[in-house]
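The values are calculated or read from the model by the stated rules, or taken from the named source; none is laboratory data. Nothing here was measured: the structure is a model prediction, and the numbers come from that model. Note that we place each Cβ from the backbone using ideal geometry, even for glycine, and neighbour counts take in every protein chain shown. The protein model used for the area step is the full one, side chains on, heavy atoms only, and it has no ligands, DNA or RNA in it. Shrake-Rupley method; radii C 1.70, N 1.55, O 1.52, S 1.80 Å.
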Amino acid sequence: MCRLGKILLHAMCIFERTLCLCPDCDDQLKVNVDFPGNDILQVYSPDAIHCQLTCSQHHSCQFFTFLRQSWKYDNRTFYCYLKQSNGVPPKENQLNDVTSGYSLRSCPQKTGGVCIRRIFTNIDFDGADYRVLLTGCAGECQRACIADPACQFFRFMNSEYQNSIDRYKCFLMYSGTVPRPPSIIPSSFAVSGFSPNFYKEKVNFILENTLIPMRNVEEVPAVSAEHCQTLCRTHPRCTFFSYSSRFICYLKQSVESALKDPFQNVDFLGADMLHVMVDSPEACLKKCTDDPSCQFYTYVNSISCKKDCYLKRVVSVPLPRSIAIKSGVESGFSIRHCGYNCKQKPPLRISYLTNLCHQLVIHM
């Protein structure tokens with residue numbers, strides 16, 4: 001079935017941009033301004049910057065409203081509402097304790113890797129923890145998160161935490177970085193695939209109920225998927241694996257060969273961020289590769305829907321399952337991808353916290 005509705009929407013967007021109705025780069029946050037209505041998704045964010053990054057990565061979000069920590073009217077503190085309209089909010093209202101703004105997709109210089117250095121005091125990122133260790137302070141917990149390739153965010157219980165047994169515990173967390181199409185369906189006229197920009201890096205996550213169709217390097221017994229993953233990490237040729245409930249671990253050599261070939265007669269449904277007309281699946285792949293925002297694509301070529309290329313993306317910003325105000329808890333994100341000039345000093349916040357950790361250890 002031809003996606004006429006989506007084509008019309010894309011045509012409308014092109015028409016709006018031609019008339020300059022779609023906003024140019026506007027990275028300014030509007031404090032105590034609410035964009036009411038037009039919600040398409042609600043997620044948790046610790047601040048307006050994180051909310052704006054989430055909106056920028058969502059395939060259809062154009063603007064947002066964030067309910068700050070000071071919000072007292074109901075229990076929606078830290079709610080981030082992603083919104084969509086005709087490019088601009090239909091209405092703006094003055095409302096205390098909220099912050100609103102626009103997607104940064106029109107600001108290429110601001111849509112790079114996620115970098116949120118701030119450590120949030122008395123804010124708890126709850127759930128999604130996979131590892132617990134002891135550290136002297138939040139700064140050392142953040143450094144542990146940076147050192148662990150799987151860690152995306154963390155929470156730390158400091159000396160003021162109510163339960164003394166849990167003090168100085170550091171919880172490493174993740175919400176997943178692998179782009180996942182919202183829906184995968186069979187289609188006789190579709191060809192789908194992933195952007196090479198996605199599989200350049202080695203993937204360190206376990207995907208449940210997923211079989212990677214590629215030749216095995218070795219088949220070995222394993223008691224669990226985690227055991228199989230460990231066997232893969234210690235094997236000199238293994239870069240990917242599949243685990244069977246029959247206690248068989250299939251070690252595989254290259255994630256590239258599993259993902260770079262297109263999937264025939266498969267439609268990655270949803271998450272469309274752009275629709276273009278091209279002559280072939282290869283041209284559609286090139287469009288996706290050339291667009292740094294594109295993670296995967298679907299090419300449709302049928303009698304009623306000829307040569308349609310849908311570029312797609314999903315949110316990859318780390319998303320805590322919930323956020324709450326809690327005394328004695330400090331939370332933050334990995335800053336592994338932030339980087340800084342070698343001639344510059346590392347972030348002052350980290351150095352300062354590290355010194356505090358050394359003082360704390362001395363007095364313990």
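Remarks
- Flag for residue 91 being in contact with a Ser or Thr (Cβ under 6 Å, 6 or more places away or on another chain) and farther than 26 Å from residue 337 by Cα: no
- Of all the listed residues (274, 269, 285), the sole one being farther than 14 Å from residue 180 by Cα and under 21 Å from the mean Cα position of the chain (by Cα) is 274.
- Residue 70 fulfils the conditions (1) without any contact (Cβ under 8 Å) to a residue 60 or more places away in the chain; (2) surrounded by fewer than 23 Cβ atoms within 10 Å (Cβ to Cβ); (3) closer than 25 Å to residue 182 by Cα except for a single criterion, (3).
- Residue within the range 215-229 that is among the hydrophobic types (A, V, I, L, M, F, W, C), at pLDDT below 85 and within 29 Å of the chain's Cα centre (by Cα) present: no
- Those residues of the range 157-184 which are touching a residue at least 40 places away in the same chain (Cβ under 8 Å), open to solvent by less than 60 Å² (accessible area, probe 1.4 Å) and part of a strand (DSSP E or B), in sequence order: 157, 171, 172, 173, 183
- Selection from the range 73-105 of residues that are more than 16 Å from residue 317 (Cβ to Cβ) and without any contact (Cβ under 8 Å) to a residue 40 or more places away in the chain: 73, 74, 75, 76
- Of the listed requirements (1) within 25 Å of the chain's Cα centre (by Cα); (2) modelled with pLDDT under 85; (3) over 22 Å from residue 270 (Cβ atoms); (4) crowded, with 19+ Cβ neighbours inside 10 Å, residue 353 misses just one: (1).
- Residues that are buried (at least 18 other Cβ atoms within 10 Å of the Cβ), closer than 19 Å to residue 26 by Cα and hydroxyl-bearing (Ser, Thr, Tyr) within the range 73-96 comprise just one, 81.
- Every residue from the range 125-150 that is open to solvent by less than 20 Å² (accessible area, probe 1.4 Å), at pLDDT 90 or above and within 19 Å of the chain's Cα centre (by Cα): 125, 142, 145
- Where residue 49 falls short, out of the listed (1) within 22 Å of the chain's Cα centre (by Cα); (2) farther than 15 Å from residue 31 by Cα; (3) of a type outside the set (S, T, N, Q); (4) open to solvent by 60 Å² or more (accessible area, probe 1.4 Å): (2)
- Which listed residue is within 24 Å of residue 115 (Cβ to Cβ) and at pLDDT below 90, from 322, 316, 302: 316
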